[in-house]
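The values are calculated or read from the model by the stated rules, or taken from the named source; none is laboratory data. This one's a predicted model, so the numbers in the text were calculated from it and none came from an experiment. Backbone-built Cβ (ideal geometry, glycine too); neighbour counts: all protein chains shown. In case anyone asks, the SASA skips ligands and DNA or RNA and just uses the protein heavy atoms, side chains included. Shrake-Rupley method; radii C 1.70, N 1.55, O 1.52, S 1.80 Å.
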Amino acid sequence: MELIVAVYDDWGIGCDGTQPVALSADRKFFREQTRGAMVIVGRKTLGDFPGGKPLKNRHNIVITRQNI
């Protein structure tokens with residue numbers, strides 16, 4: 001199993017719409033490494049994806065507390 005995690009220096013994962021990953025080189029690395037893989041994100045993170053849609057060519061798992 002391999003894992004890519006985007007966190008702040010204090011291991012936080014974001015709050016109030018902030019994102020630990022904001023560098024284009026990091027985003028490119030993420031795109032390349034996760035193609036064809038599973039991506040697990042929160043509901044709000046999904047909303048930040050282009051068009052608010054799951055990422056193409058990946059198995060998207062969305063975690064939420066919402067009853068949907």
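What residue, among those in the range 25-48 that are farther than 16 Å from Ile13 by Cβ and outside any helix (DSSP H, G or I), is most open to solvent (accessible area, probe 1.4 Å)?
Arg35
Can you find even one residue in the range 44-56 that is more than 9 Å from the chain's Cα centre (by Cα), among the basic types (Lys, Arg) and at pLDDT 90 or above?
Yes, there is a match, as at least one residue in the range 44-56 is more than 9 Å from the chain's Cα centre (by Cα), among the basic types (Lys, Arg) and at pLDDT 90 or above.
Take the residues of the range 8-24 that are open to solvent by 80 Å² or more (accessible area, probe 1.4 Å) and on the phi > 0 side of the Ramachandran plot: which is modelled with the lowest pLDDT?
Asp16
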